[in-house]
Amino acid sequence: MKVLAFETSCDETSVAVVESGFKVLSNVTRTHPEHSKYGGVVPELASRAHIRLIYPLTKLALDEANVGLDEIDGIAATYGPGLIGALLVGLLFAKTIAQVEGKPFLGINHLEGHIFSVLLTEKEIPLPLLVLIVSGGHTELVWVKDWLKYKVLGETLDDAAGEAFDKVAKLLGLPYPGGPEIDKLAVGGRPDAILFPRAKVEGLDFSFSGLKTAVLYHTKENGLPRNQQELQDLAASFQEATVDMLLEKSKKAIQIKNARAFAVVGGVSLNSRLREKFKRELSHKVLLYFPAPEYCADNAAMIGAVALKRFEKGKESPLNLKAVPNLKI
Ligand code: KG4
Ligand code: ZN
C-alpha cells in the first residue's frame, strides 16, 4: 500500500509518499523563512506559504517517489493540533484529491505522527514504549501500549520546551526558530556558568515558564550578554536546565512504568546536549530511540506512517472531517 501524506499544522509544508513497512519513498519539506524576523510563527504568513507551496511540493513528492497519483492507495493529512488556517490548507487539499481521485482519506493527529516518527528509522521497536514528545507546541510523556493506544502520563502546565528555547532566543536577539541557534551557541559555552532554577512540579508534568522568566530576570539584572563568550555561557546554562528537567521526568516515568523502551521525538529531540545526556544517563537502563534528524521536526512522512497503520486496520475518515486546532492525543 502507498499513502500520499500532507503536513501543514505550523510553519513547515511537507508532502510524503510512504509505503507499507514504513518505507519512505519521498518526504519533501519546506520551512517558511518569513517568520524568522518576527521571533515566532505568524499564522497568516504560514497559511499563505502553505497555499503557495502545497501544489509544487505534491508534484515533487510524487516525482521523487516515482509514482503517479493512480498508484496511490490512500490520502492522509494532519487535522490537528496546530494553527487553524495552516491546518485547513493541507486538510482541504488532501480531501479534494481524495474526492476527485476516489481514494480513501484519513485525518491524522499530529502528535501521533511524532510518536510514529521513530518507526521510520527503527522498524523493530518493542512495546510498550514510553515516548517523550518535545516540540515547539508540546511537551508530553506518553505511554504507548500498542501502536494506536496511548495514555498521556504527563504534560507541560505552561510553555512547551521548544517554546522556551524560541522565547529565550528571541530575548537574546536570535532569529526564529531559536532551538537550533541556542544549541549551536551552547557548544562553546559553560553549562554551569549560571545556575538557573529547575522547576519542581508534582508527578510527571513539566513547567518551563519559570525558567524563561529566570533568564529574563538574569538579563535585567546583568544586562544582555556583552560578548560572544557571555552569550554562549547563557545559552549553555539555559539549555542545561531545560535538558535536566526533561531528563528528570523521563527517569521518573521510566521507573514508574518500569519501561524497557523509550523514544524521544519532536523538534527538540534534535538538540545535541539532550541527545548526549539522555544517551549517557539512560542507555544502560532502557532501549533508547531517537528518530533520524529528517523525521524529528515536522514532516509528512510521520503522518503517512500513522495513516498506513490506520488504513491497514480498515479505518477511514469522513470527507467532512474538520480541523481541530487543540486536538489531544
Ligand atoms: O516538532 P517541531 O518541528 O514542531 C512542532 O510540532 O512544534 O518542533 C519545533 C521546535 C521549535 O521550538 C525549535 O526551536 C525546536 O523544535 N528545535 C530545537 C532544535 N531544533 C529544533 N530545540 C533545541 N535544540 C535544537 N537543536
Ligand atoms: Zn510537531
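The values are calculated or read from the model by the stated rules, or taken from the named source; none is laboratory data. This one's a predicted model, so the numbers in the text were calculated from it and none came from an experiment. As a convention, Cβ positions derive from the backbone with ideal geometry for all residues, glycine included, and neighbour counts pool all protein chains shown. These area figures cover heavy atoms from the full protein model, side chains too; ligands, DNA and RNA do not enter into them. Shrake-Rupley method; radii C 1.70, N 1.55, O 1.52, S 1.80 Å.
Structure above, values below:
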| read-out | value |
| --- | --- |
| Region 111-136, subset surrounded by 22 or more Cβ atoms within 10 Å (Cβ to Cβ) and over 17 Å from Ala305 (Cβ atoms), residue nearest to ligand 1 (Cβ to nearest atom) | Gly136 |
| Verdict on Ala261 being more than 16 Å from ligand 2 (Cβ to nearest atom) and surrounded by 21 or more Cβ atoms within 10 Å (Cβ to Cβ) | no |
| Residues of region 154-182 satisfying the condition of being open to solvent by 40 Å² or more (accessible area, probe 1.4 Å) and of a type in the set (A, V, I, L, M) | Leu157, Leu171 |
| Scan of region 66-83 for residues that are open to solvent by 30 Å² or more (accessible area, probe 1.4 Å), within 15 Å of ligand 1 (Cβ to nearest atom) and over 10 Å from Thr8 (Cβ atoms), ordered by number | Tyr79 |
| Residues located in region 83-93, provided they are within 21 Å of the chain's Cα centre (by Cα) and in contact (Cβ under 8 Å) with a residue 60 or more places away in the chain | Leu83, Ile84, Ala86, Leu87, Leu88, Val89, Gly90, Leu91 |
| Cross-chain or 6+ apart pairs with Cβ under 9 Å, region 102-117 first and among the hydroxyl-bearing types (Ser, Thr, Tyr), then open to solvent by 10 Å² or more (accessible area, probe 1.4 Å) | Ser117/Ala292; Ser117/Tyr295 |
| Boolean, Lys149 is closer than 19 Å to Leu327 by Cα and either in contact with a strand residue (DSSP E or B) (Cβ under 9 Å, 6 or more places away or on another chain) or without any contact (Cβ under 8 Å) to a residue 24 or more places away in the chain (or both) | yes |
| Only listed residue being within 21 Å of Ser269 (Cα to Cα) and touching a helix residue (DSSP H, G or I) at 6+ places or on another chain (Cβ under 6 Å), chosen from Val134, Val89, Val142 | Val134 |
| Subset of region 283-328 that is open to solvent by 80 Å² or more (accessible area, probe 1.4 Å) and among the charged types (D, E, K, R) - its residue that is farthest from ligand 2 (Cβ to nearest atom) | Lys285 |
| Search result, residues across region 244-266 that are closer than 25 Å to Glu112 by Cβ and assigned to a helix (DSSP H, G or I) | Met245, Leu246, Leu247, Lys249, Ser250, Lys251, Lys252, Ala253, Ile254, Ile256, Lys257 |
| Single condition Gly314 does not satisfy, out of (1) at positive phi; (2) not in a loop (DSSP other than H, G, I, E, B) | (2) |
| Flag if Pro56 is surrounded by fewer than 18 Cβ atoms within 10 Å (Cβ to Cβ), farther than 18 Å from Leu308 by Cβ and modelled with pLDDT under 95 | no |
